[in-house]
Amino acid sequence: MTNKEIADLIFSHITKDAEYYKNLYKDRNLSEGAIVTRYAPSPTGFIHMGALYASLICKKVAHDTNGIFFLRIEDTDKKREVEDGVSLIIKDLKDFGISFDEGVTLDGEKGNYGPYIQSKRKEIYQAFIKELLINGEAYVSFAKEEELEQIRHLQENTKARLGYYGPYAKDRNLTNEEVYERIKNGEEFVIRLKSKGDFNKKVVINDLVKGKVEMPENDLDVVIMKKDGLPTYHFAHAVDDTLMHTTHVIRGDEWLSSAPIHVELFKVIGAKVPKYAHISPLMKEDNGNKRKLSKRKDPEAAVSYYEEVGIPKEAVITYLMTVANSNFEEFMMHNKDKGLDDFKFDFKKMSKSGALFDLEKLKNISKNYLSTLKAEEVYENLLEYTKKHDEEFYNLITLHKEDTINTLNIERNCKKPRKDFESYSTVRNSIWYMYDELYKPENYEFTTITDKEEIINIMNTYMEKYFDANDTQEVWFDKMKDLASEFGYAKEVKEYKNNPDLYKGHVGDISMVLRVSVTSKSMTPNLYDIMQILGKERILKRIEILKKEYN
Ligand code: GLU
């Protein structure tokens with residue numbers, strides 16, 4: 001009995017061969033040096049930072065070279081799949097500006113190299129597997145769990161290397177007659193690669209991130225088709241990346257140890273091995289130790305965290321690119337008018353062992369980023385954020401739109417804009433005192449001048465004698481000096497320092513009284529601007545509150 005008869009028995013429905021598919025999916029017509037990458041998640045329902053990081057790199061590399069970045073869904077493990085898994089992935093990535101040139105979309109697929117969902121490619125894989133069976137490169141294996149367990153025990157007891165290979169791979173030697181008989185009898189089976197590898201020889205992977213990696217050749221007769229007729233990840237990867245003409249496989253480094261299997265599989269299906277870039281996981285510093293960023297322990301590992309706390313996606317992406325290529329930060333510093341698209345990504349600059357993910361650094365980038373936006377933009381984003389997360393504040397900023405924009409605009413359009421907000425969720429805590437509805441001071445942060453009578457006197461005098469809403473900042477400040485002088489405080493700090501005995505203090509002490517009296521805070525942005533926004537009536541109201549509250 002021939003191999004072909006076995007292959008026909010199993011795959012009677014498969015009429016096409018590997019050649020057919022190789023001809024069908026022609027070379028991509030791309031310019032010289034164009035890189036084709038894919039993001040190939042399993043739809044397990046959770047996009048974490050590592051996934052966003054990897055997909056960002058895949059996209060960047062492809063687009064740096066006028067190449068193609070596509071989305072393939074790897075759903076051959078049906079047990080791990082969650083409902084809506086695919087749309088969750090697409091939406092989450094889209095929120096961060098990661099979209100695909102080709103592949104699975106929310107309402108189907110686009111591109112000429114599909115289907116892009118592995119479970120829809122069963123016939124393609126089986127055409128390749130059928131051919132391997134016919135050529136004797138693969139074989140039917142009936143080995144059950146118990147038998148594999150026995151082999152494992154034997155290997156452990158004799159200190160042999162674990163796995164289904166060489167002398168342990170008994171089903172290699174089954175006759176076609178026996179195989180035919182057992183299949184006819186309805187026995188379950190898998191299909192395994194008949195490995196030609198030699199464990200004592202080396203295979204070299206020139207990994208774009210890890211450098212030259214030498215590993216023993218694969219000699220395991222790995223399963224290529226499971227009992228359910230679907231391929232394993234190993235086999236699907238080789239077939240898909242061949243037919244989809246992926247030039248660079250960029251994936252987590254947990255796959256590096258399987259690369260020898262993949263190299264053999266590419267060879268056995270007569271395909272070119274793509275270039276590999278195995279990315280190290282994002283790490284976190286935990287009590288002085290470096291460990292993997294964990295979905296279980298670290299809230300910031302979930303991409304949803306950033307939306308929840310209102311850290312803009314632009315900051316997240318900028319930070320992730322900085323983690324990937326640390327020179328990106330410098331590039332951004334020196335090229336203020338440029339963006340991510342102008343930066344050239346370089347695999348060589350990636351960390352081999354795992355780059356540190358530091359939330360504080362990300363927040364810093366977020367602060368910088370938010371400081372570069374126009375007040376109107378911050379306002380619009382804040383509206384969107386609070387609408388979802390803080391209804392009370394949403395209503396307030398909607399009602400007081402102009403005041404809010406003016407507040408957000410304080411010290412913004414200048415050379416060194418203020419960096420008060422690290423996220424949209426922190427805005428309320430920074431500017432709450434600008435809303436009468438929220439203005440219920442629990443603590444007045446007076447510093448040098450704390451005497452209540454003196455404070456009230458200063459405020460009364462200021463309002464009666466000096467305040468004029470039409471004053472420019474210069475005039476306003478000159479008046480502050482006059483007010484200081486009237487109360488026995490030096491007009492200039494220097495003057496006070498030179499003659500401390502002549503004065504009770506200096507003009508700074510007086511402006512502090514004003515600041516705390518109208519905001520309750522000792523640290524605020526420009527007081528003149530704050531008072532302009534508040535206006536006379538509201539300032540007077542605040543002085544009344546102060547008189548009642550401050551004891
Ligand atoms: N489906 C694999 C995973 O979820 C993809 C690995 C690859 O990119 O090839 O890790």
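Just so you know, all these numbers are worked out from the coordinates, no wet-lab data involved. Quick caveat: nothing in here was measured; it's all calculated off a predicted structure. Backbone-built Cβ (ideal geometry, glycine too); neighbour counts: all protein chains shown.
For the reader, a short list of remarks on this structure follows.
- Too-long pairs where the Cα-Cα distance tops 28 Å, listed order kept, from LYS94/LYS344; LYS26/LYS202; LYS374/LYS548: LYS26/LYS202; LYS374/LYS548
- Which listed pairs, of LYS110/LYS338; LYS452/LYS541; LYS79/LYS122; LYS415/LYS521; LYS130/LYS194; LYS59/LYS79, have C-alpha distances above 20 Å, in listed order: LYS110/LYS338; LYS415/LYS521; LYS59/LYS79
- Amide H contacts for VAL203 (H built 1.01 Å from N in the peptide plane; partners 5 or more residues away or on another chain; cut-off under 5 Å): MET215, GLU217.
- Partner aspartates and glutamates for LYS297 [C-alpha distance under 14 Å; skip if fewer than 8 residues away on the same chain]: GLU285, ASP286
- Coordinate range along principal axes, alpha carbons of region 247-393, Å, largest first: 63, 37, 33
- Estimated from helices alone, the mean residue ellipticity of the chain at 222 nm is -13000 deg cm²/dmol (sum of -39500 (n - 2.57) over DSSP H runs with n ≥ 4, per residue).
- Electrostatic dipole magnitude of region 442-551 [Cβ: Lys, Arg +1; Asp, Glu -1; Cα centre; debye, to 20]: 200 debye
- Anchor LYS352: lysines whose Cα lies under 17 Å away (excluding residues fewer than 8 positions away in-chain): LYS210, LYS212, LYS275, LYS284, LYS290, LYS292
- For region 73-80, 3J(HN,Hα) per residue [Karplus equation, 6.51 cos²θ - 1.76 cosθ + 1.60, θ = phi - 60°, Hz, x = Gly/Pro]: 9, 9, 10, 7, 9, 5, 5, 8
- In this Cβ point-charge picture (+1 for Lys and Arg, -1 for Asp and Glu), the chain has a dipole of about 1360 debye about its Cα centre.
- Kirkwood hydrodynamic radius (C-alpha pairs) into Stokes-Einstein, region 85-244, 25 °C and 0.890 mPa s, D in µm²/s: 132 µm²/s
- Mean projected area of the convex hull spanned by the Cα atoms of region 56-96, taken over all viewing directions: 3.5 nm².
- Per-residue ³J(HN,Hα) for region 299-306, Karplus 6.51 cos²θ - 1.76 cosθ + 1.60, θ = phi - 60°, Hz, x for Gly and Pro: x, 6, 6, 8, 5, 5, 4, 6
- The coefficient of translational diffusion for region 399-448, derived via Stokes-Einstein from the alpha carbon Kirkwood radius under 20 °C and 1.002 mPa s, stands at 169 µm²/s.
- Take every Cα pair under 8 Å whose residues are at least 6 apart in sequence, average their separation, divide by the length of the chain, and the relative contact order is 11 percent.
- Projecting the alpha carbon convex hull of region 496-551 along each direction and taking the average yields 4.9 nm².
- Here the Karplus relation 6.51 cos²θ - 1.76 cosθ + 1.60, evaluated at θ = phi - 60°, turns the backbone of region 240-255 into coupling constants of 5, 5, 6, 6, 8, 6, 5, 8, 10, 8, 10, 8, x, 6, 5, 8 Hz, with x for every Gly and Pro.
- With the biggest extent put first, the Cα atoms of region 42-180 measure 53, 35, 33 Å across the principal axes.
- Taking the square roots of five times each eigenvalue of the Cα gyration tensor of region 273-344, the equivalent ellipsoid has semi-axes of 24, 19, 13 Å, listed largest first.
- Peptides 346-356, 261-271 ranked from most to least packed by the mean count of surrounding Cβ atoms within 10 Å: 261-271, 346-356.
- Structural size metrics of region 454-551, computed from C-alpha coordinates, are Rg and Dmax of 13.2, 39 Å.
- A P(r) calculated from all alpha carbon pairs of the chain, with 20 Å bins opening at zero, reads 17, 37, 23, 14, 7, 1 percent.
- Positive-end extreme of charge dipole, region 129-269 - chosen from MET244, GLY229, HIS153 (charges on Cβ): MET244
- About the Cα centre, charge dipole magnitude for region 1-110 (Lys/Arg +1, Asp/Glu -1 at Cβ), debye: 180 debye
- Normalised per residue, the volume of the convex hull around the Cα set of region 301-340 (Å³): 68 Å³
- Scoring 39-51, 201-213 by mean Cβ neighbours within 10 Å over their residues and listing the highest first yields 39-51, 201-213.
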